[in-house]
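One structure is given below, encoded as structure tokens.
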Amino acid sequence: MAKFAVTLASQMAAVIPETVPFVEAALSSQPGLLEPGTLSLEVQLQYLVFEPFKAVISSASPLSSSYGTRVPTPLPFLIVIDGLDECEDKEGMEAFIDSILVFFAANPTIPLRFFITTRIEQHIQGRLEVPEVVLHDLDHHKSEYDIEMFLEKEFQQEAKRNRVIRAYIHQHGSWPAADHRQQLTRHINGSFIFASTLLKYILWSKGDGLTPMARLPRALHMNTGLDDFYMQTLARVEQLPHFLDIITAVTFRPQSISSLAHYLGIQAFEVLHVLLDLQSIIQVPGVDTQDAVTLHHTSLRDFLSTKSRSTRFFVSQDRWLRLFFNSLLRVKDSRPARPGASAIIVG
């Protein structure tokens with residue numbers, strides 16, 4: 001995270017131009033702020049982000065913005081940090097979280113908020129269990145309503161552009177019909193990637209001679225539109241150790257990361273090493289010991305279990321059974337033998 005504070009400062013300056021003189025003054029007084037490794041992340045954040053923001057907010061006049069408007073100072077500003085867990089600098093992550101917690105503890109009423117998306121990994125979990133932090137577990141978030149709103153907006157926008165759709169609506173009323181919209185939402189099953197793929201087919205396919213109205217009923221039975229996406233995503237991690245065993249276990253028996261590691265006879269970090277690059281298609285829980293790792297959409301299970309579609313990524317029942325029996329053998333071997341006891345493994 002060597003350039004993290006500098007990046008935040010530059011983006012803040014673009015949105016709140018009044019911070020520029022304070023950032024420049026900090027750079028003049030502390031030349032090492034731009035030299036990686038010279039000053040700690042805590043110091044960089046203090047001089048380049050927190051102090052300039054405080055200085056501007058303390059003024060009585062409204063702030064200008066990059067949009068040319070004046071913003072009243074009481075309005076909270078939001079800094080969005082997406083995918084913090086993807087940062088490999090774990091110590092830097094901890095320093096960043098510690099810095100913002102110290103800042104807000106000293107400035108509880110300042111109109112600034114951080115919105116951070118991340119897995120709650122063990123090394124930062126304790127830091128976030130404080131009153132200054134509001135945690136929302138997205139693993140339990142139901143996205144059906146979001147999907148409905150997304151579909152409604154896209155259909156409305158396309159109706160404005162497409163004369164064929166407008167003519168259909170003029171003659172038949174609204175489109176899609178309520179039952180078709182509900183069926184499509186259920187079929188999408190919470191996957192925005194799948195929703196986008198189906199919309200592209202329904203609204204923008206070329207050369208098939210069909211109207212969007214004719215494609216919609218067909219889309220309700222489609223699951224193969226994501227095959228290329230699944231192949232490309234899985235290919236990125238197929239060389240990692242235990243890749244196919246992990247994918248097989250997740251497909252046949254969803255369980256927590258810790259349970260998955262124990263089941264396969266490997267360590268939790270090895271499971272995460274594979275799964276973290278597959279989060280676009282697999283739901284990876286934020287805590288290793290709690291919720292199960294699951295597939296984002298049932299179409300992925302269909303893809304993985306159909307050899308003609310998944311080819312080298314095919315997960316077979318035979319492979320799953322081998323993993324199952326190997327797990328039983330590890331459990332047996334880890335237990336002290338009882339006098340006179342015996343075990344028979346068939347298969």
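Taken together, the values in this text are just the output of simple stated rules run on the coordinates, not laboratory data. Being a predicted model, the structure only gives us computed values, none of them experimental. Here the Cβ positions follow ideal geometry from the backbone for every residue, glycine too, while neighbour counts run over all protein chains shown.
Descriptive notes on the structure:
- The mean sequence separation of alpha-carbon pairs under 8 Å and at least six residues apart, normalised by the residue count of segment 179-245, gives a relative contact order of 31 percent.
- Computed from the alpha carbon atoms alone, the convex hull of segment 263-305 holds 89 Å³ per residue.
- Relative contact order of the chain, pairs being alpha-carbon contacts under 8 Å that are 6 or more residues apart, as %: 11 percent
- Segment 4-136, relative contact order [Cα under 8 Å, separation at least 6], %: 24 percent
- Per-residue ellipticity at 222 nm from helix content only, as computed over the chain with -39500 (n - 2.57) for each DSSP H run of at least four residues, stands at -15500 deg cm²/dmol.
- For segment 4-136, the square roots of the Cα gyration tensor eigenvalues, ordered a ≥ b ≥ c, give a/c of at least 1.5 with a/b no greater than b/c, which places it in the oblate category.
- The residue list SER258, ILE116, LEU199 was ranked by how far each Cα lies along the charge dipole of the chain toward its positive end, using unit charges on Cβ atoms, and LEU199 comes out on top.
- Overall form of segment 144-222 per C-alpha gyration tensor (a/c, 1.5; a/b vs b/c): prolate
- The chain: C-alpha gyration tensor shape, a/c 1.5 cut-off, then a/b vs b/c: oblate
- A crude spin-label estimate for the pair ASP98 and GLU129, with each label 7 Å from Cα along the Cβ direction, gives 1.9 nm.
- Dipole magnitude of segment 4-136, debye to nearest 20 (Cβ charges: Lys/Arg +1, Asp/Glu -1, about Cα centre): 600 debye
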